[in-house]
Each structure stands twice: as structure tokens, then as C-alpha cells.
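Presented below is the structure to which this report refers.
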Amino acid sequence: MADIKESAPEMVSAFFGFDKAVFSKNSDGLALATRELIAVGVAVTTQCPYCIEDHAKRAVEAGASKADVAEAVMVAAALRAGGGVTHGWKAMKAIADGED
């Protein structure tokens with residue numbers, strides 16, 4: 001990370017400022033635990049091991065339960081599986097279109 005920060009300091013600073021704003025405890029919208037659970041789901045979907053670990057811990061620290069984290073993981077898994085099914089539909093449609 002030091003190399004990235006040294007090479008693009010303004011961009012890195014902007015990124016961390018944005019991240020800090022998104023996960024601020026002082027939000028008028030979603031509760032911090034909810035935002036962290038969303039982050040867990042996205043991290044599971046994007047398969048970033050660092051984000052998965054960090055946001056799972058931060059979700060619990062913000063008040064989410066282990067069951068909440070597990071449910072966020074399963075929601076992400078369902079959506080990822082749904083993507084596979086819809087891409088499978090495209091495969092089946094391609095075959096059907098070729099039968100004409």
C-alpha cells in the first residue's frame with residue numbers, strides 16, 4: 001500500500017476520505033451495522049478476502065450478530081447463484097435461437 005500511496009497520494013487520500021465518509025458512525029441514513037453488512041455481502045460477491053475479513057469484524061463491532069453476518073453472506077451467495085442461472089438462461093436461449 002505504501003507504494004500506491006507514494007505514487008498516487010492525492011488519489012489514495014481521496015479514496016480513504018470517501019471510505020471514511022461511507023462508514024462514518026455519524027450518518028443520518030442506514031445504521032453502521034447495516035452498511036457493514038452490505039459491505040460483507042459485496043465483499044463476498046467480489047471475493048476480496050481482505051474486505052470480507054475486515055467488514056465482517058467491523059459489522060460485529062457495530063452491533064451485528066454472527067447470524068446477521070451469516071445471513072448477509074447467504075444473501076450474497078443467492079445473488080451470485082442467481083447470476084449463474086440467468087447466464088445459463090442466455091446459453092439456453094442461444095441454443096433455442098439456433099434451432100430456428
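The values are calculated or read from the model by the stated rules, or taken from the named source; none is laboratory data. Remember, predicted model here, so these are calculated numbers, not experimental data. Cβ atoms come from the backbone with ideal geometry, glycine included; neighbour counts cover every protein chain shown. In case anyone asks, the SASA skips ligands and DNA or RNA and just uses the protein heavy atoms, side chains included. Shrake-Rupley method; radii C 1.70, N 1.55, O 1.52, S 1.80 Å.
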TODO: Scan region 1-16 for residues that are aliphatic (A, V, I, L, M) and at pLDDT 95 or above and jot them down.
DONE: I4, A8, M11, V12, A14
TODO: Using the structure shown, decide if A94 is farther than 23 Å from V22 by Cα, modelled with pLDDT of 95 or more and open to solvent by 60 Å² or more (accessible area, probe 1.4 Å).
DONE: no
Open item on the list: Give all pairs with beta carbons closer than 9 Å in which a residue from region 78-93 that is under 16 Å from T45 (Cα atoms) meets a residue that is in a helix (DSSP H, G or I) and of a type in the set (A, V, I, L, M); count only pairs at least 6 apart in sequence or on separate chains.
Closed with: R80/V44
Open item on the list: Just the residues that are in contact (Cβ under 8 Å) with a residue 24 or more places away in the chain and within 16 Å of K20 (Cα to Cα), please, taken from region 38-60.
Closed with: I38, R58, A59
Task: Tally of residues being open to solvent by 100 Å² or more (accessible area, probe 1.4 Å) and either modelled with pLDDT under 95 or not hydroxyl-bearing (S, T, Y) (or both) across region 17-55 - done: 7
